[in-house]
Amino acid sequence: MAEFQRSFSGAPWEERVGYCRSLRAGNHVFVTGTASVAEGGGVHAVGDGYEQARRCLEIIRIALEAHGATLGAVVRTRMFVTDIERWEEYGRAHQETFGAHPPTTTMVEVSRLIDPDMLIEIEANAVVGDADS
């Protein structure tokens, strides 16, 4: 049976809902849906899709690093957005982050996220070196 290594961000929803920010199982790292939460709480860059996407990706980078992974190890992202018409804003942040090592990705419109000021939530999967590394 694979050993799991979990990391937590300290977000209040983790305990209330029962999830972790990221989980490493062998050489796979899974980062949960990540919204644009500002340092100290609240929503980062209200109304700005590009900056919210950048913040999501920054939080994902930090979660990956907790497992010895980098953004270059990401093989798949999923973007959940509240307004698909703003795809270029989200896509620009994604391209700037992953341009040199593009993962597979999906972007879908959802009716809303947990906070009405949140425009995007991103999850990521990565594959890293040997399970023992």
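Measuring between their Cα centroids, region 55-112 and region 5-41 lie 15 Å from each other. Between the listed residues Phe80, Ala53, Pro103, the Cα displaced farthest toward the positive end of the dipole of the chain, a dipole computed from Cβ unit charges relative to the Cα centre, is found at Pro103. Relative to the current alpha-carbon distance between Ala38 and Glu96, full extension at 0.36 nm per residue lengthens the span by 18.9 nm. Sparsely packed loop sites in region 32-133 (the GluC sites (Glu not before Pro) outside DSSP H, G, I, E and B with at most 12 other Cβ atoms within 10 Å) comprise Glu39.
Between helix 49-65 and the chain there is an angle of about 10 degrees, using the helix long axis and the longest principal axis of the Cα atoms.
In a fully extended conformation the segment linking Asp83 and Thr104 would gain 5.5 nm over its present Cα-Cα distance, using 0.36 nm per residue. Going through (i) 2, 10, 20, 20, 16, 13, 10, 6, 3, 1, 0; (ii) 2, 10, 18, 20, 20, 16, 10, 3, 1, 0; (iii) 2, 11, 21, 24, 19, 14, 6, 2, 0, the figure that equals P(r) over Cα pairs in 5 Å bins from 0, in percent as computed for the structure here is (iii). Helix 87-98 and the long axis of the chain differ in direction by around 30°, with both axes built from C-alpha atoms.
Fewest-first ordering of Val81, Val31 by other beta carbons within 10 Å of each residue's beta carbon gives Val81, Val31.
Read-outs throughout are calculated quantities, based only on the coordinates presented, and are distinct from any laboratory measurement. Remember, it's a predicted structure, so these values are computed and weren't measured experimentally. Note: ideal-geometry Cβ built from the backbone for every residue, glycine included; neighbour counts use all protein chains shown.
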